[in-house]
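Participant: Please read through the structure below; I'll follow up with questions.
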């Protein structure tokens, strides 16, 4: 398991961090994911947060997770008995994120189309004004 790749998990909101969620994320995103290595990397990163992070929020969450390590390991170890179920925990979140992104992309496409229509309308108004000015000028002469 690549520890640098695993650090990407911690880019998300600290309130969403948990050992079970990390295991699920790792199973979905890291090749050759192993339970013991996954757990070591998770707690190693939490220790790094305590030592290096300027964020009080991250430090608070890291302390809480380290404090509940014994109970969290029990829960996570039970889930590793059925890795397919563990994968689903984060898999559902991925599907939800994909739906959200798809909707955002659709909204963006609609805004772009609306902007193009508005641009064409403005261009037509500009042409009408130019034609209107040209005919008025011709009448005066």
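Readers should treat all values here as calculations from the given coordinates under stated rules, not as data from a laboratory. Only a predicted model underlies this, so the values are computations on that prediction, with no experimental measurement involved. Here Cβ is always computed from backbone atoms with ideal geometry, including for glycine, and neighbour counts include all displayed protein chains.
Participant: Only counting other Cβ atoms within 10 Å, I'd like 21, 13 sorted with the fewest neighbours first.
Facilitator: 13, 21
Participant: Provide, as a two-decimal number, the C-alpha radius of gyration of region 3-100 over 2.2 N^0.38 Å, N being how many residues it has.
Facilitator: In units of the 2.2 N^0.38 Å rule of thumb, it is 1.04.
Participant: Got a sec? How would 117, 20 order by Cβ neighbour count within 10 Å, fewest to most?
Facilitator: Values: 117 10, 20 16.
Starting with the residue having the fewest Cβ neighbours, the order is 117, 20.
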